[in-house]
Amino acid sequence: MDKYLKETKMLDYSNANIQQLIRERRWKNINEFERLKSIYDFVRDEILFGYNIDDNVPASKVLADGYGQCNTKGTLFMALLRACNIPCRVLLKLKFRHQYYIQIKHHLLHSCRLP
């Protein structure tokens, strides 16, 4: 599971603004289920829907923009989960018309239908 906690170019959770958000929300101080729910609610409700300059922008850019579509909101969601010690990854389901899911431990969260 350690590989699903690693920082990547897009999941850049060591970014100062991401770390500040995690501290302000105190996500590391609450139980795992409430942490996951709170992070999900933040991305769903406080990051507006809008199209970023590219689908491959890092999580820190999505947070700075304050908006994103399903792909980029998913990037921010995954970066926040990993930063808060919740392993996750993307699973592509090509036979289901390019839908993708975010796997969090043994659970799947439907994220988006890709074009």
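At a glance:
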item: Inter-site label distance for Ala16 and Asp55 at 7 Å from Cα along Cβ, in nm; result: 3.2
item: Gain upon complete extension [Glu32, Lys6; 0.36 nm per residue less C-alpha separation]; result: 7.6 nm
item: Mean Cβ count within 10 Å, highest first, over the residues of peptides 83-90, 26-33; result: 83-90, 26-33
item: Overall form of region 1-51 per C-alpha gyration tensor (a/c, 1.5; a/b vs b/c); result: rounded
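All of the numbers you see were taken from the coordinates with simple rules; none came from a lab. All values reported here derive from a predicted model rather than from experimental measurement. Cβ atoms come from the backbone with ideal geometry, glycine included; neighbour counts cover every protein chain shown.
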